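One structure is given here, and the rest of the page talks about it.
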């Protein structure tokens, strides 16, 4: 079992419990995750994204800044972070009310996210597959 798989298996049950969903099945593949959840439609990933404005939030400054759709990178604490991966990171740290991001959790888990982000970007740059590995809940 790889490091990313180990971390996902440790993190996902707690995240799901916090937002009130149950994991029915989980399969972690080399480049994506299959997760089958028992959840209300109101706690779908799309709804969470809309509520917390994950593509606009910066946990370091605690501000929302609207970005153009074509802007694919965020500068967070002077570090360039791919926008879709960062949105997934923010959703991973959403509060149980599904309306806001838990900034404290973001601050605590951000260094590890940056490490995993950089590994993924390096994998894309050096490998034959130029697509992001799936990062979902």
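Quick note: the coordinates plus some simple rules give every number you see, no bench work behind them. Computed from a predicted model, the values in this text were never measured in an experiment. Please note: Cβ atoms are built from the backbone with ideal geometry, for glycine as well, and neighbour counts cover all protein chains shown.
Spacing of the modelled spin labels on residue 27 and residue 95, each 7 Å from Cα toward Cβ, amounts to 3.7 nm.
Ordering 118, 62 from the fewest to the most neighbouring beta carbons within 10 Å gives 62, 118. For the pair residue 60/residue 79, report the inter-label distance in nm, with labels modelled 7 Å from Cα in the Cβ direction. Placing both labels 7 Å beyond Cα along the Cβ direction yields 0.8 nm.
Subtracting the Cα-Cα distance of residue 103 and residue 10 from 0.36 nm times their residue separation leaves 31.5 nm of extension gain. What the Cβ-Cβ distance of residue 40 and residue 68 gives, at R0 = 25 Å and to the nearest 0.05, is a FRET efficiency of 0.15.
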